[in-house]
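Working notes for the structure below.
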Amino acid sequence: MNNKKRFFAVPYVVWMTAFIIIPLLIVVYYGLTNVDGKFTMENILAMFTPINMKALVYSLLLSFISTVICLLLAYPLAMILRNADLKSSSFIIFIFILPMWMNFLLRTISWQTLLENNGVLNTILSALHLPKQHIINTPYAIVLGMVYNFLPFMVLPIYNTLVKIDDNVINAARDLGANSYQTFSKITWPLSLPGVISGITMVFVPSLTTFVISDLLGGGKVHLIGNVIEQEFKFKYDWNMGSGLSLVLMVFVLISMAFVTKYDKDMEGTNVW
Amino acid sequence: MKRLLSLVMISSLLVLSLAGCGQSYDLYVFNWGQYIDKSIIKEFEEETGYKVLYDEFEENEDMYAKIKSGAAIYDVICPSDYMVEQMIQEGLLQKLNYDNIPNAKNIGAQYFEQAKAYDPGNEYSIPNYWGTVGIIYNKNMVNEPIDSWSAIFDEKYKGNILMINSIRDGLGIALKYLGYSLNSQNEKEIKEATDLLKKQKALVQGYFVDQIRDKMIGNEAAIAVNYSGEAKMMIDENPDLAYVVPKEGSNIWSDNWVITSNAVNVEAAEAWINFLCRPDIALKNFEEIGYSTPNEAAHALIEDEETRNNEIYFPGEEITKRCESFSYLGVEGNKMYQKAWTEVKAY
């Protein structure tokens, strides 16, 4: 039996080694060497130059805002879904996941068309004699893009933990005299925390590292840390610097992962994937 | 058991990936994306019997990295002006034998003259396409004649300007506007240009390359910086647009056929360049791609008079005279420009 399990694991191990571990090692190698292949910390320390720091802080800020907005939108929705009957809740989830079957780039480009100065949104607004909104190529558009693209990653883990809460626990709290607020703060919220934490990570990490959303919706005016790294690779052809900066960014990713494992011991929230 | 299995898996992976390399070709061509009428490749194969492997690149820098590292060997490639100079200096190109490329005589003398800026003896390169960088503007949204770069730095057009997202073009424009060379390596001049571009950042809608076409056609902005070939395509779609090469001067660019120093089949490479310099082939290419051809014989063959005399495609000497080609800046120079542009983008 054990041998059989191993047998089935082989393709997975090959895949992991070839496309995750080896590339990661290459990034570490490039990040810690200079053009001549000598060891250096320069690429890591480059993160602390004013320009890169500014981009990093700005990225942290924007992804923090997007995460908060996602949480505020997702939690009530997950509550509604939990209380809805099975048929309608699975339908709502289906609707929610549907756009994710479309390519991520395509969805973001369509936001461009929607938000443009003469785009769909403004055409509707001006037809209603409302003032035009200039959202495209501003940080607002980027936050909108992040929220739109990553919201399902917040809803699903929260929903997943919420449906697992036994109704009897909530009923017991009510029987013992807790009002709705107390029931929520003492029972529902703490029990849903693993889902919330993994939702936060799954929104925060991709938002922090994105360069496509800021490129497409920010018009190249908003310089996030993802764009800095992209430029190192694409325009400056400095793979060493790009890898070094990626390594620093990876620290933030690892911190978030540590958070998840601390709060989500049973991997309840991430189970959905 | 497990180890053996993974060995088998890995080796079968390797074999699979190598299997694709079995076929052999007589000529390896490396060109810009969307830069040729693909039927020409077939015609060439039929006429000469050489089998062609045709690959495309997106940026000079991509192409350079592949050639320089030896990761890929190509016989004939099509780099831009400054990249030709860099590759000559690094010994990556070989001298052309014009005896085997008789059709080179179709290329206008003035284009060879311009090429001397990056290929002093015209020994290594033959121009393939060329064009200018200028301002494309919407006549309905701008009610004054535009003839200067000052328009893209004008408060009046705040939020209505699309700037080009390119290191050399972006800084080049600012340098030209300030009256300097767009190949300047003077730190003070570059600093001035950088400051100007930083100030401009509040005025621009954004920094784009490919998106400019759609945005200008859709009346999204009043003014944009772009290449002549693109401008012509935009004007064909939206007649309210107009193109001008500002009076302060601008960049005149060219992409050129060259043969690499480690080319395997020089004969086939020469045949390729010769074929593309043939007037009917150059004309076909021009009509499909829409970038200006330096091929005078092909130019004379253009039937549509309006196109033949079009100022955007074929600007007169009074315009090209005030334009300057990019030259290779060297490693330090490149770093200086990259740093300046990053400062602007991060401002």
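The values are calculated or read from the model by the stated rules, or taken from the named source; none is laboratory data. It should be emphasised that the depicted structure is a prediction, and the values quoted were computed from it without experimental measurement. As a convention, Cβ positions derive from the backbone with ideal geometry for all residues, glycine included, and neighbour counts pool all protein chains shown. The area values use the complete protein model at the heavy-atom level, side chains included, leaving out ligands, DNA and RNA. Shrake-Rupley method; radii C 1.70, N 1.55, O 1.52, S 1.80 Å.
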Computed curve, the protein assembly as shown, Cα-only Debye sum without solvent term, log₁₀ I(q)/I(0) at 0.09, 0.11 Å⁻¹, is -0.91, -1.23
Per q in 0.11, 0.14, 0.17 Å⁻¹, report the Debye log10 I(q)/I(0) for the stretch A:50-272, using one uniform scatterer on each alpha carbon and no solvent. -0.66, -0.97, -1.21
Tell me the label-point distance for the pair A:LYS164, A:THR261, using the 7 Å Cα-to-Cβ offset, in nm and rounded to one decimal. 1.8
By accessible area (1.4 Å), largest first, B:ASP99, A:ASP167, B:ASP169, B:ASP62 order as B:ASP99, A:ASP167, B:ASP62, B:ASP169
Counting other C-beta atoms within 10 Å, and keeping those with at most 14, which DSSP coil trypsin sites (Lys or Arg not before Pro) do you find in the stretch A:49-137? A:LYS132
Among the listed pairs B:LYS105/B:LYS247; B:LYS321/B:LYS345; B:LYS139/B:LYS321, which are separated by more than 28 Å between their Cα atoms? B:LYS105/B:LYS247; B:LYS321/B:LYS345
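Equivalent ellipsoid semi-axes for the stretch B:50-162, as square roots of 5 times the alpha carbon gyration tensor eigenvalues: give them largest first, rounded to whole Å. Present the calculation step by step, with values, prior to reporting the outcome.
On the way: eigenvalues 273, 74, 38 Å².
Square roots of five times the eigenvalues give 37, 19, 14 Å.
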Would you grab the residues whose amide H sits under 5 Å from the one on B:ILE107? Only those 5+ places off in sequence or on another chain, please, with H modelled 1.01 Å from N. B:GLU296
A:PHE96 to A:ASP175: FRET efficiency via 1/(1 + (r/R0)^6), r the Cβ-Cβ distance, R0 35 Å, to the nearest 0.05? 0.55
If you take the accessible area of A alone plus B alone and subtract the pair, what total do you get in square angstrom, rounded to 100, with a 1.4 Å probe? 2300
What residue among B:PRO79, B:PRO279, B:PRO145 has the largest mean-square fluctuation in a Gaussian network model of chain B, using Cα springs under 10 Å? B:PRO145
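Please calculate how many Å² of accessible area the stretch A:50-272 carries per residue, with a 1.4 Å probe and no DNA, RNA or ligand atoms counted. Walk me through the intermediate numbers first.
On the way: 11170 Å² over 223 residues.
I get 50 Å² per residue for this part.
Relative to the present Cα-Cα distance, how much length would full extension add between B:GLU287 and B:ASP147 at 0.36 nm per residue of separation? Can you show the working numbers first?
Values: separation 140, 0.36 × 140 = 50.40 nm, distance 2.85 nm.
Taking 0.36 nm per residue and subtracting the Cα distance, the gain is 47.5 nm.
Quick check for me: using +1 on Lys/Arg Cβ and -1 on Asp/Glu Cβ, what's the dipole size of the protein assembly as shown about its Cα centre, in debye to the nearest 20? Let's see the in-between values first.
Numbers: 49 positive and 68 negative charges, 710 e Å.
Its charge dipole is roughly 3400 debye.
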Quick query: amide H of B:TYR129 versus all other amide H atoms, modeled in the peptide plane; which residues come in under 5 Å with a sequence gap of 5 or more or a different chain? B:ASP255
Of every hundred units of 1.4 Å-probe accessible area on the stretch A:1-123, the number belonging to carbon and sulfur atoms, as a percent, is 77
Put one equal scatterer on each alpha carbon of chain B, apply the Debye formula with no solvent term, and list log10 I(q)/I(0) at q = 0.07 1/Å to two decimals. -0.34
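Name the helices (complete DSSP H segments) of chain B with a Cα length along the long axis of 27 Å or more and a Kyte-Doolittle mean of at least 1.6, or state none. Don't skip to the answer; put the middle values down first.
Working: long enough: none.
Taking the DSSP H segments of chain B (at least 27 Å long, mean hydropathy at least 1.6), we get none.
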For chain B, the per residue accessible area (1.4 Å probe, Å²) is 44
What Kirkwood Rh does the stretch B:165-274 have if only Cα atoms enter the pairwise 1/r average? Answer in Å. 16.7
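Grab the eigenvalues of the alpha-carbon gyration tensor for the stretch B:288-336, scale each by 5, take roots, and send me the semi-axes largest first in whole angstrom.
Numbers: eigenvalues 198, 35, 16 Å².
Values for the stretch B:288-336, descending: 31, 13, 9 Å.
Relative to the present Cα-Cα distance, how much length would full extension add between B:SER24 and B:SER181 at 0.36 nm per residue of separation?
Values: separation 157, 0.36 × 157 = 56.52 nm, distance 4.64 nm.
So the chain would gain 51.9 nm between B:SER24 and B:SER181.
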Expected field for B:TYR82, accessible surface area in Å² at 1.4 Å probe radius, rounded to 10, holds 30
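Go ahead and run the numbers for FRET between A:GLN182 and A:SER88, Cβ-Cβ distance against an R0 of 30 Å, rounding to 0.05.
On the way: r = 28 Å, r/R0 = 0.94.
In this case the efficiency is close to 0.60.
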